[in-house]
Amino acid sequence: MHDSRQLQPLVLAIPALRGKRGRPRQRPEIVQGDRAYGSRAHHRWLRTLGITGRLARTGWPHGSGLGKTRWVVERTLSWLHQFRRLRIRYERCAEIHQAFLTLGCAIICHRALKISF
């Protein structure tokens, strides 16, 4: 399934955000995304939820400023794609894939901590 169809389930699945005292926020203030999410329908839907959409628009020149924070996500995905089982998903069962994803994250953290000490 194309990424653009996953915006709504992804935003609705975000857990309550802890922070200051009081009632926890149910939704983030800002959502960032690339050109796949830059449709008017996505912008409208995010506005109805009270979320500011920083989505790169389709057909507009580069310079949205998303690259400053997006590289963190891209770097992390490239680290996870070192593991073939995560790059090419063989598992049909979501729990098994989640287990390999957790294991991959643990290995990445172990390598990072091993280098820093």
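In region 38-56, the qualifying residues are those that are hydroxyl-bearing (Ser, Thr, Tyr) and at pLDDT 85 or above, and the one that is surrounded by the fewest Cβ atoms within 10 Å (Cβ to Cβ) is 48. Can you pull out every residue in region 22-37 that is exposed (fewer than 10 other Cβ atoms within 10 Å of the Cβ) and modelled with pLDDT of 80 or more? Within region 22-37, 29, 30 meet the criteria. Say whether the condition of being assigned to a helix (DSSP H, G or I), hydroxyl-bearing (Ser, Thr, Tyr), modelled with pLDDT of 85 or more and not assigned by TED's automatic domain parsing to the domain that holds residue 109 is met by at least one residue in region 3-21. No - not one qualifying residue is present in region 3-21.
Does residue 66 satisfy the criteria of being surrounded by 10 or more Cβ atoms within 10 Å (Cβ to Cβ) and either among the small types (Gly, Ala, Ser) or at pLDDT 75 or above (or both)? Explain how you work it out, then say what you get.
Values: surrounded by 10 or more Cβ atoms within 10 Å (Cβ to Cβ): yes; either among the small types (Gly, Ala, Ser) or at pLDDT 75 or above (or both): no.
The answer is no for residue 66.
The values are calculated or read from the model by the stated rules, or taken from the named source; none is laboratory data. Because the structure is predicted, anything quoted here is derived from the model rather than measured. Positions of Cβ are generated from backbone atoms using ideal geometry, with glycine treated the same way; all protein chains shown enter the neighbour counts.
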